[in-house]
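For reference, the structure discussed in these notes is given below.
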Amino acid sequence: GFSCGGLIAVILTGIGSWWLTRQSLKPVEQSFQQLKQFTADASHELRSPLTVVKTSVEVMMNHPERIHPNDEKKLKAIASATNQMTRLVEDLLLLARTDTTQTLTFKWVSIPLDELLEDLIDLLQPQADVKGIILKSEIPEEVFVKGNPVELKRLFSNLLENALQYTPTGGTVSVGVVRRDRFVFVSVNDTGIGIASEDIPLVFNRFWRADKARSHREGGLGLGLAIAAAIAHTHSGEITVKSQVGVGSSFQVRLLAVLKTY
Ligand code: ADP
């Protein structure tokens, strides 16, 4: 049989170890929180000097007659480096925000997915045309998700820009939307270079890129998928990826469907 004293001892041990775990977790949690706060503060502090540099350079470049010809190249280099840093700071700021706060869900709205995705596709169509890539979509109407439209646009534009970036001329990029139960699945598919199976678990890591030697395209620092995943998580969603080298990649985003909107 099971004695009463034994039972109490088990319960007390349970409570004790729960309390100890809580106590020992605290400092770790605290420093994690502090680190995130630091990232947020640092990003804010970096933004203002960058804006000053950017505007000063722009003012000078608008008056080329006042610049010594030898300095024009340097100014262009400063302008492009400033743009790159501004984008990096914006990205880090966004990541810090998704880390610290569980986004302001009260600001969420019902978003018609077809409109959001068609807008993005229209925006990226010229880029696809220039590269000779077919960009197509099959998006049913009346599919709504709840969330922050700016962030969700960012999520899908990161996936679509990657698909265009890593697909050679003559390829196809397609977007599909499927509604299943209380979920909406958006897939961004390409017939591009693909991702090696050992790299698939790494693609969502911050600053991870398959080809580190390749020079950074504008904004390409290996944060795009980390940001996309962070946004999906703040929307109670998830991104999964299937890929085969030389065949193509398919990124699938799972979001919560809005069951009905009036
Ligand atoms: P980047 O700025 O380098 O595109 P991302 O975080 O968006 O950063 O992507 C990380 C890496 O994952 C890329 O550098 C690339 O190696 C790989 N990758 C992402 N999307 C694709 C894709 N559609 N096809 C092939 N490789 C991809």
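Here are the numbers for this structure:
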item: Long-range neighbours under 9 Å by Cβ, at least six apart or interchain, first residue in contact (Cβ under 8 Å) with a residue 60 or more places away in the chain within segment 32-58, second part of a helix (DSSP H, G or I) and open to solvent by 80 Å² or more (accessible area, probe 1.4 Å); result: Ala40/Arg97
item: Selection from segment 132-158 of residues that are open to solvent by 70 Å² or more (accessible area, probe 1.4 Å) and assigned to a strand (DSSP E or B); result: Ile134, Lys136, Glu138, Lys146
item: Failed item in (1) assigned to a strand (DSSP E or B); (2) under 28 Å from Gly132 (Cβ atoms), with Ala228 passing the rest; result: (1)
item: Flag for Glu161 being farther than 20 Å from Arg179 by Cα, crowded, with 17+ Cβ neighbours inside 10 Å, away from the ligand (no atom under 15 Å from the Cβ) and not hydroxyl-bearing (Ser, Thr, Tyr); result: no
item: Answer from Val184, Val178 - the residue that is more than 13 Å from the ligand (Cβ to nearest atom), exposed (fewer than 15 other Cβ atoms within 10 Å of the Cβ) and not charged (D, E, K, R); result: Val178
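Okay, residues lined up against (1) surrounded by fewer than 15 Cβ atoms within 10 Å (Cβ to Cβ); (2) more than 9 Å from the ligand (Cβ to nearest atom); (3) modelled with pLDDT of 95 or more; (4) not charged (D, E, K, R):
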site: Gly170; (1), (2), (3), (4): yes, yes, yes, yes
site: Ser174; (1), (2), (3), (4): no, yes, yes, yes
site: Thr191; (1), (2), (3), (4): no, yes, yes, yes
site: Phe207; (1), (2), (3), (4): yes, no, no, yes
site: Arg217; (1), (2), (3), (4): yes, no, no, no
site: Leu221; (1), (2), (3), (4): no, no, no, yes
site: Ala228; (1), (2), (3), (4): no, no, yes, yes
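The values are calculated or read from the model by the stated rules, or taken from the named source; none is laboratory data. Computed from a predicted structure; not experimentally measured. Heads up, the Cβs are rebuilt from the backbone with ideal geometry, glycines too, and the neighbour counts pull from every protein chain shown. Heavy atoms of the whole protein, side chains included, go into the accessibility calculation; ligands, DNA and RNA do not. Shrake-Rupley method; radii C 1.70, N 1.55, O 1.52, S 1.80 Å.
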